1. Kindly indicate the residue of the stretch 64-78 that is part of a loop (DSSP other than H, G, I, E, B) and either free of Cβ contacts under 8 Å to residues at least 24 places away in the same chain or aromatic (Phe, Trp, Tyr) (or both) and also nearest to residue 10 (Cα to Cα) among those meeting that condition.
2. I'm trying to understand the selection: among the residues of the stretch 30-63, which are assigned to a loop (DSSP other than H, G, I, E, B) and farther than 24 Å from residue 15 by Cα?
3. Tell me, please, whether a residue that is within 28 Å of residue 18 (Cα to Cα) and modelled with pLDDT of 80 or more can be found in the stretch 63-83.
4. Is one or more of the residues making up the stretch 8-18 among the acidic types (Asp, Glu) and at pLDDT below 85?
5. Within the stretch 20-55, how many residues are within 26 Å of residue 4 (Cα to Cα) and free of Cβ contacts under 8 Å to residues at least 12 places away in the same chain?
6. What number of residues within the stretch 1-21 are outside any helix (DSSP H, G or I), loosely packed, with under 10 Cβ neighbours inside 10 Å and among the aliphatic types (A, V, I, L, M)?
7. Hey, does the stretch 29-48 have a residue that's at pLDDT below 80 and surrounded by 10 or more Cβ atoms within 10 Å (Cβ to Cβ)?
Amino acid sequence: MHDYHQVFFHACANVDPARDFVLVEGPLDQLDHAALRPSYGGKLGVDATHKLPAEAARIWPDRITMSQDVRELVSRRWKEYGLLDAPRDPDAGRLF
């Protein structure tokens, strides 16, 4: 994982907590000092993968992107919208 913004986006976009979280107890590494008991404790599993049609109740939409015209319009009018600092696209160095 090199782009944590993309990891966070896809994890949030692909996770339904009711379906994709698993909490279990079991053996742990003895060096895990957060466990309440030596070598035994809880683990959390998260399925943040893209779901196949058989796994999901609905089809996930394709990711949308703004056109360059919309990006430029928003960038020009940012202060007019009452926002002081415009966010920057970390990958391209441009305004969203």
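1. By that ranking, first place goes to 64.
2. The answer is 30, 31, 32, 33, 34, 35, 36, 38, 39.
3. Yes, that holds for at least one residue.
4. Within the stretch 8-18 (the criterion being among the acidic types (Asp, Glu) and at pLDDT below 85), the answer is no, since none of the residues qualifies.
5. Residues meeting the conditions: 4.
6. 1
7. no
The values are calculated or read from the model by the stated rules, or taken from the named source; none is laboratory data. Given the structure is predicted, the values throughout are model-derived calculations rather than measurements. Counting neighbours? That spans all protein chains shown, and the Cβs are built from the backbone with ideal geometry, glycine included.
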